[in-house]
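Questions regarding the structure given below will be posed in turn.
The values are calculated or read from the model by the stated rules, or taken from the named source; none is laboratory data. Just so it is clear, the model here is predicted, and its values are computed rather than measured. Cβ: placed from backbone, ideal geometry, glycine included. Neighbour counts: every protein chain shown.
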Amino acid sequence: MTKTGKRTALVLGAGGLVGAGWEAGVLRGLLDAGIDLTTADLIVGSSAGAVVGARLASGRGGLDALYEEQLDGEATEAAARLGIPTILRYAFAVLRSRTPEEYGRRLGRLALAAPTVAEADRRATVARRLGRAADWPARPLLITAVDAETGELAAYDEDSGVPLTDAVTASCAVPGVWPPATIDGRRWIDGGIHSTANAHLAVGHDRIVVIAPSARGGKVVLSPARQGADLAAAGARVEVITPDEASRKAIGHNALDPAHRAAAARAGRAQAASHAEAVAAVWAG
């Protein structure tokens, strides 16, 4: 809780390895302007944002270290890609779905049937990303994932009884690319399926900043802008940041390719300057 009694929330959205780099860049750029969003009373992380959020909430290593990691030219992970057939299945799934849960079930079936790396190997990769931030932090942190069978969204926190690494692995389980994560006998997939931001989980907070590498949305999958507008209508002060033209070019067409991470991080840091005044107004209340 801030000294003024007004609660702040930082929402970090989905967007692959490259999106995580962009988020780190935006956060570092805002810090350049004297705005430290890592002091948020709540952090909500989905998919890429789950990794960034867990790292920041833990306070281990700090934002500077996280940003510098994005600039490391040595790729520690193999590139992945959503193939055209899988992209088409995503498109058909959303067109045929009337609710986020139905969309989640359709992508859940895709994920459960897809050939992928072993689940244990994928968990080990996520554990390396988290590094020393392997335990739930004392600060409030929500990590999202979607039940592959029911399509329902879950938000894990320190009271869930689920290891942080498992929650983040589930949140990063892109259907058709990575295996669903097993938690308490159920299979879980990417937290960015219902929404690329899940900003609605910040409801009740007075000042909210949403950083979302993907601005997409529609009738079934609500966009970050739509969710931000809903929060504002409920009385919160909200700023939503999505990639500008330069950042979109830096991110490229494959958000799962670590080769684009450094460029995205630099672009995010540069873009932050254009949002600094608006973010400061929201964060200062």
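If you scan the range 87-141, which residues turn out to be of a type in the set (Phe, Trp, Tyr) and assigned to a loop (DSSP other than H, G, I, E, B)?
Trp136
Here's a follow-up. Can you tell me which residues in the range 224-234 are touching a residue at least 12 places away in the same chain (Cβ under 8 Å) and more than 24 Å from Ala273 (Cβ to Cβ)?
Scanning the range 224-234 gives Gln227, Asp230, Leu231, Ala234.
When the residues of the range 25-44 are filtered to those that are in contact with a helix residue (DSSP H, G or I) (Cβ under 6 Å, 6 or more places away or on another chain) and part of a loop (DSSP other than H, G, I, E, B), which remaining residue is farthest from Asp157 (Cα to Cα)?
Taking the candidates together, the pick is Ala33.
Only residues in the range 120-141 that are among the polar types (S, T, N, Q) and surrounded by fewer than 15 Cβ atoms within 10 Å (Cβ to Cβ) count as the first member; pair them with residues that are at pLDDT below 90 and outside any helix (DSSP H, G or I), Cβ under 8 angstrom, at least 6 apart or cross-chain, and list the lot.
That search, which allows pairs on different chains as well, returns nothing.
Looking at Val209, Val240, Val282, can you tell me which residue is assigned to a strand (DSSP E or B) and either among the small types (Gly, Ala, Ser) or more than 27 Å from Ser97 (Cα to Cα) (or both)?
Only one candidate passes the filter, namely Val209.
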